[in-house]
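K.L.:
Here it is: the structure, laid out below.
The values are calculated or read from the model by the stated rules, or taken from the named source; none is laboratory data. Quick caveat, the model's predicted, so the values are computed rather than measured. Methodologically, a virtual Cβ is constructed for each residue, glycine included, from the backbone with ideal geometry; neighbour enumeration extends over all protein chains shown. For accessibility, only protein heavy atoms count, side chains too; no ligands or nucleic acids. Shrake-Rupley method; radii C 1.70, N 1.55, O 1.52, S 1.80 Å.
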Amino acid sequence: MGMIKDIVEGGWSLIAGMWVTIRRIYRPVVTVQYPRECLDMSPAYRGHIEFEQFPETGSHNCVACGTCMRFCPTNVIKVQGEKTHTHSEKRASLYFIDFSHCSLCGLCVVNCPTQTLKFSGEYELAHYSRWDGVIDLIQRLEESA
Amino acid sequence: MAEKEIAPGARVQLAVVEEVLNLCRANSLWPMTFGLACCAIEMMAAGASRFDLDRFGAGVFRPSPRQSDLMIVAGTISKKMAPIIVTLWEQMPAPKWCIAMGNCAISGGPFEYDGQYAIVPGTDLILPVDVYVPGCPPRPEGLIQGFLALEDLITKGEKRNVLRRFKRKIVKGR
Amino acid sequence: MMTAQALHDFVYVGVFLLAAALFAVSPLIASWLIGGRSVGVKRAETYESGMPAIGSAWIQFSVAYYIYALIFLAFDVDVLFLFPVALAYDKGFFVRDFVEIVIFIGILSLAIVYAWRKGVFTWQKRR
Amino acid sequence: MANEFLEPITEQTFYLNMGPQHPSTHGVLRLFLKLDGEYIVEADPVIGYGHRGHEKMAESHLYEQFLPNSSRMDYLAGLIFNHGYVAAIEKMAGIEVPPRAEYIRVICAELNRISSHLLWFGTYVMDLGGFTPFLYSFDDRENILDILDRVSGSRLTYSYCRFGGVARDVDDEFITATHQFVERLRSRWDDYHNLVTKNVIFIHRAKDVGVINRELALRFGCTGPILRAAGVPYDVRKAEPYSVYSELDFEIPTGTKGDALDRYLVRVQEMEQSLHIIEQALERLPDGAIKAAVPHKVRPPRGDYYFAVESARGAVGFYIVSDGTSYPYRLKARVPSYGNLQVLTEVLPGTLVADTISILGSIDIVVPEVDR
Amino acid sequence: MNSVQSLIQPQVLAQIGFAGIVALTLTGALIAVFPRNILYNILGLIVCLTGVAGIFVYLGSPFIALMELLIYVGAICISIIFAIMLSRPLHLSLPKRRLPKVGLALGVGAAVFIMLSAIISRTEWQPAATRSSDWSVATLGAYLLTRYDLVFEVISLVLLVAILGAIIISGYARRSPS
Amino acid sequence: MNSLTTYLFLAALLFSLGIFGVFQRRSLIGMLIAIELMLNGASINFMAFNRFLAPDPIVGQIYTLFIMGIAAAEAAIALSIIVAVFRRLGSINIERAQELRG
Amino acid sequence: MSLEDLKEKLSKVVEPGDMVPRDYEKDGCLLEIKARADQVEAVAKAAREADCFLESITAVDFTNGPQIIYQFNSCTIVSRVLVRVQLSRGESVVSIGSIYDAALWYEREVFELFGIRFDNHPDLRRLLLPEDADFYPLLKDYGKVHAFRSTEEIYGE
Amino acid sequence: MAAWQNLVNFLGPDLARIVVGVVGVLALVQVNALFLVWLERKVAAHIQLRIGPKEVGPFGILQSIVDGIKLVGKELITPRHADRKLFMLAPIAVFLPVLVSFVVIPFSERLLIRDMNVGVLLIFAFSTFNVLAVLVGGWASNNKYSLLGAVRAVAQNVAYEIPLLLAVLSVVMWSNSLQMSEIVASQSKVWHVFSMPVATLIFLICATAETNRAPFDIPEAESELVAGFHTEYSGMRFALFFLAEYSNMLIVSAVATTLFFGGWKSPPFLGFLPVPGLIWFFAKTYALIFVTIWVRWTFPRLRFDQLMNFCWKIMIPAALLHLVVYAGIIKIVR
C-alpha cells in the first residue's frame, strides 16, 4: 500500500515539475539578443584603462610619473614621457598597455596622481592576433577626440 | 584577416563545395564542454538564457572532442594541463578551431610573473589559436563577439556569410 | 497458400533494408571524400577525458545487471508466446482462454516474486 | 593506490580517468577511478590541473597587488575571498573600516554567496541530468551579477573590497535592485521546489547518497555546508563573527544524516538565510564614508596572522606572515574545498558511477580554489 | 538482353532471393564457428539467424520468422553477449587451436553431414494426402489454447524453472531475503 | 531449387557445422553458439516438413516455437552455469575447467 | 570540550613554557605551541582527543630552516591552536596522516612546495605539480623573491 | 517485354509502392530528423526562457540543415585501438531497422506502404538490431565510456521491451490482430488510450526508455559517460546515430499513435472537420513527441539501478496485472 502511495506521490511531483516548465513556454524570453541589442553597461564597468579627456586641456593629464607602472601587479603598462616646451611638466608621449596581462584590479586608476586614467566601457575586444591586446592609449584618445 | 586552410587534406576539393561547407561550419560551431577556470563560468553564462549562444547555432556543447568543432580555452593553462589540452585538440576531427578566451589563455594574464612555475603563458604556445577574446574574464558579449569573429574567419569575410542578417561590430583602432 | 503474400512482404522488407544501407553509406562516402583530415600523434588515441587511456576497454567487465539479462531472456520468450494466444483470444471460447492466460501469467509472475524475494532487484552498496 | 602506473592491471577491475576534461568534474578535477563494472573500488582525486601559484605570486607582490588574485582563487565566491583577504590585512595593519563599508561588504558577500549557491544548484541538477533548472538558476544568478556589476564593475572577479573600505559607494538604485532581487528570489522557491526539491527522481538520486557524517567530516577537515549537513552547526560567521555579522540575526541550517540531499537542503536554506541577512543589512545600512584613509602601501607589523571567513563552500582562512615590509613574507590560503574534496577518497568506494557524479556535485568543488 | 530479361522473371527473382538468404545463413554459420574472436562468432550467429528467419519466410511463416528474430537475436544472442563481456576477454587472448582437435571436429562434422545428406537424398518424401491450408497466426493461437494447451503452460513452467535456476546458480539464493 | 531437399540439406549443413563447432570449441560460450546453430537446423527441418509434407501447417510452427522456448531456457541456464563456472575457476575454457577438476 | 580541556591535554605532551597564549582579536588564534619535530604526533593526538579538526598544515621557509605550521580548531568553540615546528634544513617530520586523514594532502602539498619529507606518509607523491616536477617552488631560493629572512627577524627573540 | 510484364504481374502495384515508399520514407526520415532537432532546440529554449536557434534562417529553421551539412564535412576518425570493421559497421547497422519500421506504419487510411499481418511484431523484431548496433558500436570503440554506455543501453532496452510488449498485448487481445490497419479499425468506437489508460502510460514510459530519452537517457548520460556509446564517433557516423535516434522517436510515437491514439482517425468530437487522416496522424504523433521533449527538459535522470528496478518492480508487475484485468474485461464486455 505504501508503494502505491509512493507511486502516486512521485507521479504527482513529476506532474508538478512539468507544470513549472510548461508555464515558461508562454513567458517572455529573458535573452538579450546581443549583437542586435546590447545590455546597458554598468557605470562602474571595468574595461581596459583609457585616458580621461579633460575639458580644460582638451587632452589627457598624464605626466608620465610612472606610478601606474609601478603599482601594476603584472607589468601591463609601459609609459614614456618627454618634456615639451609648452608644458613645464613631463607629458606622456607613449602609453601602451598590454591588456592581455591585465587583471582589472584598478590600482593604476586609484593611484594615478592626476586622475587621468579611467576604465573604458570596452568589452568587444575579440581579435585574430595575440598582440591585438596591446593598446596605444594616446592613439585611442586621439581617435575618440 | 588571417587566411587559414579550413579543411586540410580533403580528398576532393571543389571550390563550391568548400564554400557551402564553410558557410555551414561557420553557422554550426559546436564547442567542447571544457573549462579551465573563471572564464568557464562566463562561457556557461554565454550559453545560458541571458545571452544564449544557441541563437547562432553554437549552443550545442558536446562533451566529447570527437563531436566538437571548437575548443574554447577558457582559463589558465597549467603546465600539468597543457599536454591534456593538446591531446584533446588532436582528438578533435578536422576542421577545428580554437578560441583563447580570457587573458590567462591569451598570455598567462595576471599569473605570468617572474618566477612563475606552474602555467603555460599563452595558448598559442601549444595550439593554433584562431580568435583571441581578451578580458579577465571577458563578458559573455565578448565571447559572442569572438564567435562572430570566428564565423567571419571561417567564411573568409562577413559578406560571404550569407546567412548572417546583422552586422558584426568591429572594434576599430588597432 | 500464404507464401506469396509473405514473399511480397519479404520483398518490401528487403528493399527497405537495402535502401537504408545505401542511404547510410552514401553520406559516409561523401564525408570520406570532402571531410577534412587532421594530423597529430594522439589523433586516433582512445579518448579518456584527455588522459592517455589506461589499459584496453576490452576487459572482463563485471556487469552487475547480468542477472537481469538472464531473467529477461526467459521472460521475454514467455511474453512472446502470448502473442499468438492474444490473436485467438475470445474467439469462440467460453472462459477457457481466460483461465489459461491467467495461469500462464501467474506462473510467469512467480519468477518476479522469487527474484524480488531473493533480492535480485536490490543493489547493494559495495565496499 | 601507490602509483597508478605501477600497479598491475587485472581483468576484474579497470581504471578510468574521469576528468580533467569531463562535463561533470567542474573544471579540471581528475578523478582516477578503479572500477569493478559500475562500482567504484577506489577513487583518487588528482588535483593540480588548475594550479597557478598564487602563494608564490604573493611573495613578490605588494599586499595591494595581490588583491585581485583573491577573487580569482574561488571565482564563484570571489567577493567573499576578497572580503577575507582585505579584512585579514586590515586586522594586521590595524585599519578601522567605516560601518557603511562593512555593511556594503556584507550585503555584497551575501549576494555573492547566493550567486555561488545558485550556480551550484544549477550544476548539481545538471549533473543529475536536469538541464532546465540550471538555466533557471543562471537566470536568477544573472540578476545578482547585474547588481554586483553595478557596484564593482565586474561580473565575476570583483576586487571590490579595498583596504579600509570598498571601491565604490552604492546608490539607491543598488538598494532597490537588491530589494527587488530578494523579492524575486523568494517568489522563485516554489518553482525550484516543484521542479527539483520535491521531484521524486531527484530525491531518489540524492537521498542516502554519499553520506559524510560528523566523524568523517572532522577527520577530513570538511567545513561549510558539508559539515553542517552532518549536523554540526559550525559557521565562521557565528563561531568567530567578523565584520558586522554579530549584529545580524540569522540561523545556521543543519542537516541530520549528511547525505547529498541534506547538503542540498542546507544550501537551499542558506540561500534563504542570506536573503534574510541582506534584508537586515539593507535596513541598517548607515550613512558615512565608505573608505578609511589608508596609505598607498600598507605595511603590517611583523608577526603571523590568521583570519577566517565563511565562503560559500566553508571556512576560508588567510595565514599571513609579515616581515614588516609591504610585501607578505608568506601567504597561505586555507581553502575549504581542499578537505571537502579529499573526503571523496573515503566516500566514493562502493558506490555506483552515477552516484559519483551526484556526490561530487553535492560537495560543490571549485577546482582553482583547491589548486590555488 | 535475353538473359537479363530472363533474370527478371519473378520465379528467378525469388530464386535469387532465396540463394541470397541461403548464402547469408551459411556465411553467418561459418563466421559463427570459425573465427577465434568470440564476439565475431556471436555476430556471425546473428547473421545466420537472420538468414534462418528469411528461410522461414520462404517456408511460408513470417510470424515464425519474426519470432526467430525476437527470441534468438533479441533475447538469446544479447544475453550471450552479456556473458561474453562478463567473462575473460577471449577475443584478445585468442586460444590457439590444436590441430588434432580441429581435425577430429572436422571429421565428426563431415561424417554427420554425409550421413544426413545420404538419408535426405535416399528418402522419398511423401506429402500428406489431405493438407489444410490454414496458416494464420490466430489459428496457431487457437491451437495453443486448445490442443496444445498443456504444452503452452509447460513452456511457461520450463521458463520459470530456467529463471529460478539462473537466480540460484548466480548465487542469489544464498542471500537472505531483503 | 526451392524444394524440400534443399531445405533439408541446408538444415543438415547447419547441424553439421554446429557439431563441428561443439567439438572444436574450447570455450563454453563458443559451444553454446554452436548448439544454437544445431537447434536452428532442427527448426528448419520442422518448418520444411511442415511446409511440404504435413497435413496441418500449424503443428510444425508450434513445434518450432517450442524449440525456441526450450532454446531460451537452455541458454538461460547454460549462461548462468557458465558464469558460475567462471566465477569458480576464473576461466570459461572447458579444458581448463577439466584440468582444475582433475 | 573547552579550550582549557585542550590546554590540559596538550600540557601533557609539551612543556608549559612552549605554550604561548596569543591575542585572538589580533592574530586570529588563541594558543601557539612551539613543538619539536618528535612531538608532532603526540600533539596531534591530543588535539584529536579534544575533538579538534585539522584546519591546515603549511610551512614557511626561513634562512634557518623551514618551519611547519599546523592549525587545529574545534567546531564547537573557537580554539584555534597554532603548532609551530622549526626544522633544520633537510630534517623530516612524522606524518600525522594516521590521526587526521586531512593531513595526507596537506603534507603532500608541503612536501612538493617545500621539499620537507614526512616519515610514514603512505603516499608522498606530487599533488599540485606535474608528477615529474623536480623543484620546490615555495622555497625562498626559487624564482624571484622579495626577502629571505630568519625566524628572529620576524618573531623577535 | 514479356519478362517485365511478368514482373509487373508478380509485384503488381507493389513496384510503384516500393519506389514511392522508399523515396517517401527516406524524405520523411530526413525531414523529420531535421525538424525534430530544430523543434527540440526551440522547445527547450522556450522552456528555458531562451530563444534557441534564430539567426540561421528565419526562426533558425535552417539550423539543423546547416548542422547536417557541417557534419558531412567533418573528418571521420577511427580510433587506433578500435575494432575497425565493427566500428565502421555499427553506424550503418543502427540505421537499417529504421526504414523497415516505416513499412508497416499506417499514416492514413490509404497511405500505408504495406499492411502486413504481422505488422506490430515486425517493428519490435527489427528494433532489436538497433540495440545490437549500439552494443557493437560501443564495444568496438574500445573506450571505457562507450563500453559502459553500450552495456547500459542494452540492459535498459531489453528490460523495457517486456512491459512494452505486454502493453501491446492488451491492444492485440482486443483487436485480435497484429495488422496495423485492423488495430486502428478496432478503435473506431473508443481509442485505446481511453479504454486502457494504464497500458498507454506503460507504453509511453517504456517507449521513452527504449529511445534512450531523458529521464531514461542513462546510456548517453552526458554527466557520467561523456557521450555514452557514441563517445568515439565523429562526423557523419555520429550523425547517423543521431538520425537513428530521432527517427526512432518518430517511429515510437507513430506506433503509440496507431496503437493507442486511434491512428489516423479524427478525435471523436471533431469528426465533422474536413481534415485528412494524414494530418491527424502527424498531429498526434508530433504531439506525443512534444511531450517527450517537454519531459526531457524537465526531469533529472534516474540512476541505473533505479531504472532497472523501476522496470522490474513497477512496470512489469503493473503490465502483467493490467493484462490479466484487461483480459477479464474483454470477456465481460464482449
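K.L.:
Test residue H:275 against the stated conditions and say whether it is surrounded by fewer than 24 Cβ atoms within 10 Å (Cβ to Cβ) and more than 20 Å from the chain's Cα centre (by Cα). Before you say what the answer is, go through the steps one by one.
P.N.:
Working: surrounded by fewer than 24 Cβ atoms within 10 Å (Cβ to Cβ): yes; more than 20 Å from the chain's Cα centre (by Cα): yes.
Here the answer is yes, as residue H:275 does meet what is asked.
K.L.:
Which count do you get for residues in segment F:46-74 that are more than 7 Å from chain E (Cβ to nearest Cβ), free of Cβ contacts under 8 Å to residues at least 24 places away in the same chain and of a type in the set (Phe, Trp, Tyr)?
P.N.:
Selection size over segment F:46-74: 2.
K.L.:
Among the numbered conditions (1) at pLDDT 80 or above; (2) surrounded by fewer than 21 Cβ atoms within 10 Å (Cβ to Cβ); (3) not hydroxyl-bearing (Ser, Thr, Tyr), tell me where residue F:97 comes up short.
P.N.:
(1)
K.L.:
Let me ask you something else. Within segment D:319-345, can you find the residues that are within 7 Å of another protein chain (Cβ to nearest Cβ) and in contact (Cβ under 8 Å) with a residue 60 or more places away in the chain?
P.N.:
Taking segment D:319-345 as the starting set, the residues that turn out to be within 7 Å of another protein chain (Cβ to nearest Cβ) are D:319, D:321, D:323, D:325, D:327, D:329-330, D:332, D:334, D:338-339, D:342.
Listed by number, the residues that qualify are D:327, D:329, D:330, D:332, D:338, D:339, D:342.
K.L.:
When segment H:73-88 is examined, which residues are found to be within 8 Å of chain B (Cβ to nearest Cβ) and open to solvent by 20 Å² or more (accessible area, probe 1.4 Å)? Spell out how you get there, then give the answer.
P.N.:
Restricting attention to segment H:73-88, the residues satisfying the condition of being within 8 Å of chain B (Cβ to nearest Cβ) are H:73-77.
Of everything in segment H:73-88, just one residue is within 8 Å of chain B (Cβ to nearest Cβ) and open to solvent by 20 Å² or more (accessible area, probe 1.4 Å), namely H:76.
K.L.:
Condition test on residue F:62, is it in a helix (DSSP H, G or I) and over 13 Å from the mean Cα position of the chain (by Cα)?
P.N.:
On the way: in a helix (DSSP H, G or I): yes; over 13 Å from the mean Cα position of the chain (by Cα): yes.
When the stated conditions are applied, residue F:62 passes them.
K.L.:
Which numbered condition trips up residue C:69, out of (1) modelled with pLDDT under 75; (2) within 21 Å of residue E:83 (Cα to Cα); (3) in contact with a Phe, Trp or Tyr (Cβ under 6 Å, 6 or more places away or on another chain)?
P.N.:
(1)
K.L.:
A follow-up question, please. I'm trying to understand the selection: among the residues of segment C:85-109, which are outside any loop (DSSP other than H, G, I, E, B) and of a type in the set (D, E, K, R)?
P.N.:
The first filter runs over segment C:85-109 and keeps only residues outside any loop (DSSP other than H, G, I, E, B), leaving C:85-87, C:96-109.
Those that are outside any loop (DSSP other than H, G, I, E, B) and of a type in the set (D, E, K, R): C:96, C:97, C:100.
K.L.:
The conditions are (1) open to solvent by 10 Å² or more (accessible area, probe 1.4 Å); (2) more than 8 Å from every other protein chain (Cβ to nearest Cβ); (3) in a strand (DSSP E or B); (4) not acidic (Asp, Glu), and residue D:316 fails exactly one of them. Which is it?
P.N.:
Result: residue D:316 passes all but (1).
K.L.:
Which pairs do you get when a residue that is within 12 Å of chain B (Cβ to nearest Cβ), found in segment A:92-110, comes within reach of a residue that is open to solvent by less than 10 Å² (accessible area, probe 1.4 Å) and charged (D, E, K, R), reach meaning Cβ atoms under 8 angstrom, with the pair 6+ apart or on two chains?
P.N.:
A:103/D:72
One line per residue, one yes/no per condition, for (1) open to solvent by less than 10 Å² (accessible area, probe 1.4 Å); (2) of a type in the set (Ser, Thr, Tyr); (3) more than 9 Å from chain D (Cβ to nearest Cβ):
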{"position": "G:54", "(1), (2), (3)": "yes, no, no"}
{"position": "G:65", "(1), (2), (3)": "yes, no, yes"}
{"position": "G:92", "(1), (2), (3)": "no, yes, yes"}
{"position": "G:102", "(1), (2), (3)": "yes, no, no"}
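K.L.:
Sticking with this one: I'd like the full set of residues that are open to solvent by less than 10 Å² (accessible area, probe 1.4 Å) and assigned to a helix (DSSP H, G or I), limited to segment D:124-133.
P.N.:
So the first thing to find is which residues in segment D:124-133 are open to solvent by less than 10 Å² (accessible area, probe 1.4 Å), and the list is D:124-125, D:127-128, D:130, D:132-133.
Matches in segment D:124-133: D:124, D:125, D:127, D:132, D:133.
K.L.:
Quick check on segment A:20-61: of everything there that is within 10 Å of chain D (Cβ to nearest Cβ) and in a helix (DSSP H, G or I), which residue is most open to solvent (accessible area, probe 1.4 Å)?
P.N.:
Among those that are within 10 Å of chain D (Cβ to nearest Cβ) and in a helix (DSSP H, G or I), it is A:23.
K.L.:
Restrict the check to segment H:127-150 and report whether at least one residue is facing another protein chain (nearest Cβ under 7 Å), of a type outside the set (Lys, Arg), at positive phi and in a loop (DSSP other than H, G, I, E, B).
P.N.:
yes
K.L.:
Another question about this same structure. Being in a helix (DSSP H, G or I) and of a type in the set (D, E, K, R) is the filter; apply it to segment G:139-157 and report the residue that is nearest to the other protein chains (Cβ to nearest Cβ). I'd like the intermediate steps shown before the answer.
P.N.:
The first filter runs over segment G:139-157 and keeps only residues in a helix (DSSP H, G or I), leaving G:151-155.
Filter once more, so that each one left must be of a type in the set (D, E, K, R): G:152-153.
Numbers: G:152: 10, G:153: 6 Å.
Ranking the candidates gives G:153 first.
K.L.:
Go through segment A:118-145 and report how many residues are part of a helix (DSSP H, G or I), acidic (Asp, Glu) and either within 7 Å of another protein chain (Cβ to nearest Cβ) or under 24 Å from residue B:108 (Cβ atoms) (or both). Even if it seems obvious, please write down each step before you answer.
P.N.:
Step one: of segment A:118-145, the residues part of a helix (DSSP H, G or I) are A:130-133, A:137-144.
Subsequent filtering for residues that are acidic (Asp, Glu) retains A:132, A:142-143.
Among the residues that remain, those that are also either within 7 Å of another protein chain (Cβ to nearest Cβ) or under 24 Å from residue B:108 (Cβ atoms) (or both) are: A:132, A:143.
Adding up the residues that qualify gives 2.
K.L.:
Further, regarding this structure: Out of all the residues in segment D:195-223, which are under 30 Å from residue G:98 (Cβ atoms), open to solvent by 10 Å² or more (accessible area, probe 1.4 Å) and in a loop (DSSP other than H, G, I, E, B)?
P.N.:
D:208, D:211, D:213
K.L.:
How many of the residues making up segment D:340-354 are in a helix (DSSP H, G or I) and at pLDDT below 85? Steps first, please.
P.N.:
Taking segment D:340-354 first, the residues in a helix (DSSP H, G or I) are D:340-342, D:344-347, D:353-354.
Still in the running and at pLDDT below 85: D:353-354.
Number satisfying all stated conditions: 2.
K.L.:
Still on this structure, please answer the following. Residue D:76 fails exactly one of the following numbered conditions: (1) surrounded by 24 or more Cβ atoms within 10 Å (Cβ to Cβ); (2) touching a Phe, Trp or Tyr at 6+ places or on another chain (Cβ under 6 Å); (3) more than 14 Å from chain H (Cβ to nearest Cβ); (4) not hydroxyl-bearing (Ser, Thr, Tyr). What is the number of that condition?
P.N.:
That leaves (2) as the condition not met.
K.L.:
Another question about this same structure. Could you please let me know if residue F:11 is touching a Gly at 6+ places or on another chain (Cβ under 8 Å) and outside any helix (DSSP H, G or I)?
P.N.:
Values: touching a Gly at 6+ places or on another chain (Cβ under 8 Å): yes; outside any helix (DSSP H, G or I): no.
It is false that residue F:11 is touching a Gly at 6+ places or on another chain (Cβ under 8 Å) and outside any helix (DSSP H, G or I).
K.L.:
While we're here: Only residues that are surrounded by fewer than 23 Cβ atoms within 10 Å (Cβ to Cβ) and away from chain C (no Cβ under 12 Å): list them for segment B:72-85, please.
P.N.:
Passing the criteria: only B:79.
K.L.:
Of everything in segment B:86-104 that's assigned to a helix (DSSP H, G or I) and at the interface with chain C (Cβ under 7 Å from one of its Cβ atoms), which residue is most open to solvent (accessible area, probe 1.4 Å)?
P.N.:
The qualifying residue most open to solvent (accessible area, probe 1.4 Å) is B:90.
K.L.:
Taking segment G:121-138 as the region of interest, how many residues are surrounded by fewer than 12 Cβ atoms within 10 Å (Cβ to Cβ) and within 14 Å of chain B (Cβ to nearest Cβ)?
P.N.:
The qualifying residues number 2.
K.L.:
Among A:2, A:10, A:17, which is more than 19 Å from residue H:46 (Cα to Cα) and surrounded by 13 or more Cβ atoms within 10 Å (Cβ to Cβ)?
P.N.:
On the way: A:2 fails: surrounded by 13 or more Cβ atoms within 10 Å (Cβ to Cβ); A:17 fails: more than 19 Å from residue H:46 (Cα to Cα).
Residue meeting the stated conditions: A:10.
K.L.:
Identify all residues within segment D:17-66 that are open to solvent by less than 10 Å² (accessible area, probe 1.4 Å), under 24 Å from residue D:152 (Cβ atoms) and either in contact (Cβ under 8 Å) with a residue 40 or more places away in the chain or more than 8 Å from every other protein chain (Cβ to nearest Cβ) (or both); write none if there are none.
P.N.:
Listed by number, the residues that qualify are D:50, D:52, D:54, D:58, D:61, D:62, D:63, D:66.
K.L.:
Next question, about the same structure. For segment B:140-163, name all the residues that are touching a residue at least 40 places away in the same chain (Cβ under 8 Å), at negative phi and not hydrophobic (A, V, I, L, M, F, W, C).
P.N.:
Within segment B:140-163, the subset touching a residue at least 40 places away in the same chain (Cβ under 8 Å) is B:140-141, B:143-144, B:146-148, B:150-157, B:160-163.
Next, only the ones that are at negative phi stay: B:140-141, B:143-144, B:146-148, B:150-155, B:160-163.
Scanning segment B:140-163 gives B:140, B:141, B:146, B:151, B:152, B:155, B:160, B:161.
K.L.:
Quick check on segment A:101-108. Is at least one of its residues open to solvent by 40 Å² or more (accessible area, probe 1.4 Å) and at pLDDT 80 or above? Don't jump to the end; show me each part of the working.
P.N.:
Our first condition is that a residue be open to solvent by 40 Å² or more (accessible area, probe 1.4 Å); within segment A:101-108, this holds for none.
Scanning segment A:101-108, I find no residue that is open to solvent by 40 Å² or more (accessible area, probe 1.4 Å) and at pLDDT 80 or above, so the answer is no.
K.L.:
Let me confirm something: among G:49, G:25, which residue is surrounded by fewer than 17 Cβ atoms within 10 Å (Cβ to Cβ) and either of a type in the set (Val, Ile, Thr) or free of Cβ contacts under 8 Å to residues at least 24 places away in the same chain (or both)? I'd like the intermediate steps shown before the answer.
P.N.:
Values: G:49 fails: either of a type in the set (Val, Ile, Thr) or free of Cβ contacts under 8 Å to residues at least 24 places away in the same chain (or both).
Result: G:25 is the single residue among G:49, G:25 that is surrounded by fewer than 17 Cβ atoms within 10 Å (Cβ to Cβ) and either of a type in the set (Val, Ile, Thr) or free of Cβ contacts under 8 Å to residues at least 24 places away in the same chain (or both).
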